[in-house]
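What follows is a set of notes on a single structure, which appears directly below.
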Amino acid sequence: MNQLRSTRKRSVGLRRPPVAIIAIAAIAIAFFMLPFIGLLWRVPWSDAWSLFTTTSSLTALRLSLETSLWATGLSILFGVPLAWVLARFGFPGRRIVRALCLLSLVLPPVVGGVALFAAYGRRGLLGDSLFELFGVRLPFSTAGVVLAQTFIAMPFLVLTVEAALRGLDQRAEDAARTLGASRWYAFRRVTLPAIRPALIAGAVLAWARALGEFGATITFAGNFPGRTQTMPLSVYLALESNPGQALVLSVVMIAISFGVLLSLRDQWLGGSTTPRTSR
């Protein structure tokens, strides 16, 4: 028994990180926490409710939630098949295609907005045809906001799902195909359930990125209240005229994003704080 206890103590000691690592990690945690603490300290809490419930604030919040959810849905619709193709099929130029699909991850968002103008603007590559054939004008519209958010957010989902597909054991899919299942049926009933945590994580990342998108949105869709003015744009505008309102809206965005990320983490990604006991 004493030997078992000493073995356990040694194993616990081996798992304990060095003091220097703990100190560096604490500095990193403080680096992330201090801006939010400073923000909470500066908020005019006595006027917070009245600043938040203004018509412009509520309209911007509603528009942000609607467009970011649409952008997330489009990211899932097009991003999951794209990730599957990139992860499972070899074709000439696959690296170039992957780099192009993920390019907006590293581009300045304003450059992304300029590129969207070059493609979908009134005199863009497809913009003129869209307007003449269907009467669709994407710049400076709510649809343009969704397009800009999707362009910036989809790579987060593609990257997450592709990594999960690459790390997934394909023997279950092969077994389903051997039993007569079609490729689509095997993907829908075998692959998707297996990568569900990664899919949810990618969708949440895409949603959070779409909710906070600023540069491409203001460049491609403008800043028109009720039509294209999302919460980040409203914060930027209020920062010059009403700093208190900007602080309140910033706290609202942080609370929404943090709450959703935290709840999804606990529910879907196994982020429970209670340790599991082995049986």
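What are the pairs, 6+ residues apart or on separate chains, where a residue within the stretch 88-105 that is farther than 27 Å from R171 by Cα has its Cβ under 8 Å from a residue that is modelled with pLDDT of 90 or more and among the β-branched types (V, I, T)?
Correct list of pairs: C101/V158; L102/V158; S104/I152.
With the condition kept exactly as written, say whether any residue in the stretch 172-188 is in contact (Cβ under 8 Å) with a residue 60 or more places away in the chain and charged (D, E, K, R).
No, every residue in the stretch 172-188 fails to be in contact (Cβ under 8 Å) with a residue 60 or more places away in the chain and charged (D, E, K, R).
Which of the helices (runs of 4 or more DSSP H) contained wholly in the stretch 193-279 include at least 2 residues that are modelled with pLDDT of 85 or more and farther than 20 Å from Q149 by Cβ?
Once the helices (runs of 4 or more DSSP H) in the stretch 193-279 are filtered for at least 2 residues that are modelled with pLDDT of 85 or more and farther than 20 Å from Q149 by Cβ, what remains is 196-211, 231-241, 243-268.
Please go through the stretch 88-101 and pick out each residue that is surrounded by 14 or more Cβ atoms within 10 Å (Cβ to Cβ) and at pLDDT below 90.
Answer for the stretch 88-101, where residues must be surrounded by 14 or more Cβ atoms within 10 Å (Cβ to Cβ) and at pLDDT below 90: just R88.
A quick yes/no check of all residues on (1) under 22 Å from L205 (Cα atoms); (2) in a helix (DSSP H, G or I):
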residue	(1), (2)
A118	no, yes
R122	no, no
E132	no, yes
V136	no, no
P139	no, no
A148	yes, yes
P155	yes, yes
E173	no, yes
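Would you confirm, using the coordinates I've provided, whether T72 is closer than 21 Å to Q245 by Cα and not small (G, A, S)?
Criteria not met by T72.
May I ask you to say which residue of A30, A60, A25 is of a type in the set (A, V, I, L, M, F, W, C), in contact with a Pro (Cβ under 9 Å, 6 or more places away or on another chain) and farther than 30 Å from V145 by Cα?
None of the others qualify; the one that does is A25.
The values are calculated or read from the model by the stated rules, or taken from the named source; none is laboratory data. On a predicted model such as this, the values are computed, not experimentally measured, just so you know. A quick note on method: Cβ atoms are made from the backbone with ideal geometry, for glycine too, and the neighbour counts reach across all protein chains shown.
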